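S.K.: One structure is given below, represented as structure tokens, and several questions about it will come after.
The values are calculated or read from the model by the stated rules, or taken from the named source; none is laboratory data. Bear in mind the structure is a predicted one, so any value in this text is a computation, not a measurement. When we count neighbours, we look across all protein chains shown, and the Cβ atoms used for this are built from the backbone with ideal geometry, even at glycine.
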């Protein structure tokens, strides 16, 4: 899945908060679930409009961004 198709921002959708493309589910919800120790499957059950592929692609994109940021420091 192309990174540009994973996360979407639009000022008309939740005030521009980053959401999973094609949904109104904020990326922050995924982070909150993972930080609280909930399994990925629980997040997917609670937000069925988000696919496993979208979550994996978003996490890969985040990992790449963090790696690039660390290398630039």
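S.K.: Scan region 11-51 residue by residue and report those that are more than 13 Å from the chain's Cα centre (by Cα), in a loop (DSSP other than H, G, I, E, B) and surrounded by fewer than 13 Cβ atoms within 10 Å (Cβ to Cβ). Break it down into steps so the answer makes sense when it comes.
M.R.: First, the residues of region 11-51 that are more than 13 Å from the chain's Cα centre (by Cα): 11-16, 35-39, 41-42, 45-46, 48.
Filter once more, keeping what is in a loop (DSSP other than H, G, I, E, B): 11-13, 36-39, 48.
Result: 11, 12, 36, 37, 39, 48.
S.K.: Another question about this same structure. Given the condition farther than 20 Å from residue 10 by Cα, surrounded by 15 or more Cβ atoms within 10 Å (Cβ to Cβ) and modelled with pLDDT of 95 or more, answer yes or no: does some residue in region 52-73 qualify? Before the answer, list the steps.
M.R.: The initial filter retains those residues of region 52-73 that are farther than 20 Å from residue 10 by Cα, namely 52-53, 56, 59-60, 63-73.
Going one step further and asking which of them are surrounded by 15 or more Cβ atoms within 10 Å (Cβ to Cβ), we end up with 59.
From what's left, modelled with pLDDT of 95 or more: none.
No: zero hits.
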